[in-house]
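The values are calculated or read from the model by the stated rules, or taken from the named source; none is laboratory data. Predicted model only: the values in this text are computed from it and were never measured. Here the Cβ positions follow ideal geometry from the backbone for every residue, glycine too, while neighbour counts run over all protein chains shown.
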Amino acid sequence: MGKVTSKLQVTVPKAIADQFHIRPGDDLEWIPAADAIRVVPARSTSPALADIAARLKLFDQATERQQARQHGRRTSPAKSRGWTREELYSRGRAR
């Protein structure tokens, strides 16, 4: 029997996960069915995500972006927000 946590997360019993090939990170569809709820493994609608080579390429691109961020390089030019960090400390306070 599955359990619901305080964050409304559900535990799928191992026997059912194995039977339906549900793995960590998989999406599940919750379908209301009268007085019951059907839980169905969501199938990828994007053919690119089903292809392992395409998924690895996307992963490599994401890894490169993350490494660039960690090394202080920006992947795109910074945009002006119209305010500075220093302004945040004095904003809304009586002087």
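On the basis of being under 22 Å from Leu58 (Cβ atoms) and either out of contact with any Pro (no Cβ under 8 Å at 6 or more places or on another chain) or in a strand (DSSP E or B) (or both), does Pro24 make the cut? Spell out how you get there, then give the answer.
Numbers: under 22 Å from Leu58 (Cβ atoms): yes; either out of contact with any Pro (no Cβ under 8 Å at 6 or more places or on another chain) or in a strand (DSSP E or B) (or both): yes.
So Pro24 passes the test.
Give me the residue from the range 21-39 that is closer than 13 Å to Gly2 by Cβ and surrounded by 10 or more Cβ atoms within 10 Å (Cβ to Cβ) and, out of that set, nearest to the chain's Cα centre (by Cα).
Across the range 21-39, the extreme among qualifying residues is Leu28.
Quick check on the range 2-16. Is at least one of its residues touching a strand residue (DSSP E or B) at 6+ places or on another chain (Cβ under 9 Å), of a type outside the set (Val, Ile, Thr) and either assigned to a loop (DSSP other than H, G, I, E, B) or modelled with pLDDT under 85 (or both)?
yes
Find the residue count for the range 27-46, including only residues that are outside any loop (DSSP other than H, G, I, E, B) and at pLDDT below 85.
Of the residues in that region, 1 qualify.
Considering only the range 80-95, state which residues are charged (D, E, K, R) and either at pLDDT 75 or above or surrounded by 10 or more Cβ atoms within 10 Å (Cβ to Cβ) (or both).
Within the range 80-95, Arg81, Arg85, Glu86, Glu87 meet the criteria.
Is the range 47-68 home to any residue that is surrounded by 10 or more Cβ atoms within 10 Å (Cβ to Cβ), at pLDDT 80 or above and touching a Leu at 6+ places or on another chain (Cβ under 9 Å)?
yes
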